[in-house]
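> Before I ask anything, here is the structure I am working with.
The values are calculated or read from the model by the stated rules, or taken from the named source; none is laboratory data. Note that the structure is a prediction, hence the values are computed from the model and not measured. Here the Cβ positions follow ideal geometry from the backbone for every residue, glycine too, while neighbour counts run over all protein chains shown. Ligands, DNA and RNA are excluded from the accessible area calculation, which covers all protein heavy atoms including side chains. Shrake-Rupley method; radii C 1.70, N 1.55, O 1.52, S 1.80 Å.
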Amino acid sequence: MIKPEKTINGTKWIETIQINAEERATLEDQYGIDEDIIEYVTDNDESTNYVYDINEEDQLFIFLAPYALDKDALRYITQPFGMLLHKGVLFTFNQSHIPEVNTALYLALDNPEVKSVDAFILETLFTVVDSFIPISRGITKKRNYLDKMLNRKTKNSDLVSLSYLQQTLTFLSSAVQTNLSELDRLPKTHFGVGADQDKIDLFEDVQIEGEQVQRMFEIETQVVDRIDHTFNSLANNNLNDTMKFLTIWSLTMAVPTIITGFYGMNVKLPLAGMQYAWMLTLGISVALIVAMLIMLKVWRKM
């Protein structure tokens, strides 16, 4: 979808969302955007980047934003979105139709303090970086719940939820880190050349916000990893307790089996002719079982 043209303080803005082949051709023919650039900026596997074409004086920004697979289960991945300054026109590409990107663009458009296209780009990046924070808070809340479950009976659903948290943290923490690296590099690129004080302040705001988000995800990753380690330790400990119980029980049951096996043979055995021989075998079995349990207790096997 190519939306109608908008204006950012005299600069045209062309917003695109999930463009198809026909719309790609329109961008090539009507606006003169190279096919390779369109392929690059709409590739869902691209990572954060900034490219300046010295011949065309085009500037291309690629950043990563959170993309929800299942908000209730806190399952997130990241998808790229692009901004292209081409012949004095700003093009934005949101091929995955990321809600956070749409929100960021229109918040920047409605911001009365945004007085240039460069400020529009930086305000959009600030809001996108800021959109990671609510997800981090949701992860914290879910992590606290799972932490409480450590003192109770662990369920498979809790382990699945923990796995989802780890996957989400892997995607988002990696995206936050690569975004921050590019934000740190931007002031040194053509985009930052000759920046006035307002633009420098915007650079600093975005960088500070990116560093804050990065610290939040680093802490959450460490804590969730510790919870996972504790879950694994508890599961292994419970398994050891179960195996110990089953081993002792099998040894206990082996004693009467051996005694009754002997007296079940069709041959003459000592004491077999007594009237209450079965009580004798029972007593011998009980005595051996008690002796074995005492020995295991003394040897600290129980």
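> For LYS71, which lysines qualify as cross-link partners when the Cα separation must be under 30 Å and same-chain residues fewer than eight apart are set aside?
LYS3, LYS141, LYS142, LYS148, LYS153, LYS155
> Further question on the same structure: Would you kindly find the accessible area of ASP147, with a 1.4 Å probe and non-protein molecules such as ligands, DNA and RNA excluded, rounding to the nearest 10 Å²?
Roll a 1.4 Å probe over it and ASP147 shows about 70 Å².
> Rolling a 1.4 Å sphere over the protein heavy atoms, what is the accessible area per residue of the chain, to the nearest Å²?
Details: 17500 Å² over 302 residues.
So the chain comes to 58 Å² accessible per residue, rounded to a whole number.
> Order THR26, THR252 by their accessible area, 1.4 angstrom probe, all chains in place, largest first. Please report the intermediate quantities before stating the final value.
Numbers: THR26 50, THR252 15 Å².
Per-residue accessible area, sorted high to low, gives THR26, THR252.
> Once whole DSSP H runs in the chain are found, which of them have Cα atoms spread over 27 Å or more along the helix axis and a mean Kyte-Doolittle score of at least 1.6?
TM-like helix candidates: 277-298.
> Give the accessible area for LYS244 in Å² (nearest 10); use a 1.4 Å probe, count only protein heavy atoms, and leave out ligands, DNA and RNA.
Approximately 90 Å² of LYS244 is accessible to the 1.4 Å probe.
> Next question. LYS188: which lysines have alpha carbons under 30 Å from its alpha carbon, excluding same-chain residues fewer than 8 sequence positions away?
Hits, sequence-local ones excluded: LYS6, LYS12, LYS87, LYS115, LYS199.
> Out of the total accessible area of the stretch 43-154 (probe 1.4 Å, heavy atoms of protein only), what percent is carbon and sulfur? Let's see the in-between values first.
Working: 2450 of 5340 Å².
Answer for the stretch 43-154 is 46 percent, counting heavy atoms of protein chains only.
> Next question, about the same structure. Mean separation of Cα pairs under 8 Å and 6+ residues apart, divided by the residue count of the stretch 102-230: what relative contact order is that in percent? Each step should come with its number before you reach the end.
Numbers: 82 pairs, mean separation 47.7, N = 129.
Dividing the mean separation by the residue count of the stretch 102-230 yields 37 percent.
> Right, something else. Check which residues have an amide H placed less than 5 Å from ILE33's amide H, if you skip close sequence neighbours.
Result for ILE33 returns GLU28.
> Divide by every residue of the chain the summed helix terms, -39500 (n - 2.57) for each DSSP H run of at least 4, and state the resulting mean residue ellipticity at 222 nm, rounded to the nearest 500 deg cm²/dmol. Working shown, then result.
Details: 8 runs with 180 residues, N = 302.
Calculated from helices alone, the mean residue ellipticity at 222 nm is -21000 deg cm²/dmol.
> Give me the distance between the Cα centres of the stretch 73-132 and the stretch 47-64, rounded to whole Å.
Measuring centre to centre over Cα atoms gives 15 Å.
> Using a 1.4 Å probe on the protein heavy atoms only, what accessible surface does GLU211 show? Give it in Å² to the nearest 10.
Roll a 1.4 Å probe over it and GLU211 shows about 70 Å².
> Would you tally the net charge around GLY192, using a Cβ to Cβ cut-off of less than 10 Å, leaving GLY192 out, and scoring K and R as +1, D and E as -1?
Details: positive: ARG185, LYS188, LYS199; negative: ASP118.
Once all neighbours under 10 Å are counted, the net charge is +2.
> When Lys and Arg each count +1 and Asp and Glu each count -1, what net charge do the other residues less than 15 Å away from ILE2, Cβ to Cβ, add up to?
Values: positive: LYS3, LYS6, LYS12, ARG24; negative: GLU5, GLU15, GLU22, GLU23, GLU28, ASP29.
Taking every other residue near ILE2 into account, the sum is -2.
> Under a 5 Å amide H to amide H cut-off, with H placed in plane at 1.01 Å, what residues pair with THR42 once short-range neighbours are removed?
Placed amide hydrogens put nothing under 5 Å from THR42.
> Then there's this: Rounded to the nearest 5, what is the percent of antiparallel bridges among the DSSP beta bridges in the chain?
Details: 25 of 30 bridges.
Of those bridges, close to 85 percent are antiparallel.
> Tabulate in residue order the Karplus-calculated ³J(HN,Hα) for the stretch 69-84, using 6.51 cos²θ - 1.76 cosθ + 1.60 with θ = phi - 60°, rounded to whole Hz; enter x for Gly and Pro.
After applying 6.51 cos²θ - 1.76 cosθ + 1.60, I find 8, 7, 5, 5, 8, 6, 9, 10, 10, 10, 10, x, 9, x, 9, 10 Hz.
> So, by mean Cβ neighbours within 10 angstrom, what's the order for 30-36, 126-132, 159-165 with the highest one leading?
Working: 30-36: 13.0, 126-132: 22.0, 159-165: 17.0.
In descending order of packing, they fall as 126-132, 159-165, 30-36.
> To continue, here is another question. Can you find, among ILE8, SER161, SER233, the residue farthest towards the positive end of the dipole of the chain? Put +1 on the C-beta of Lys and Arg, -1 on that of Asp and Glu.
Result: SER233, furthest along the dipole toward the positive end.
> When the scattering of the chain is computed by the Debye formula from its Cα atoms alone, each counted once and equally, what is log10 I(q)/I(0) at q = 0.07 Å⁻¹?
Values returned for q = 0.07 Å⁻¹ are -0.46.
> Where the only charges are on Cβ atoms (+1 Lys, Arg; -1 Asp, Glu), what is the dipole of the chain about its Cα centre, to the nearest 20 debye?
On the way: 26 positive and 41 negative charges, 799 e Å.
It comes to approximately 3840 debye.
> Now for a separate question. Mind listing the long-range amide H neighbours of GLN79? Cut-off is under 5 Å, sequence gap 5 or more, other chains count too, H placed in the peptide plane at 1.01 Å from N.
ALA65, TYR67
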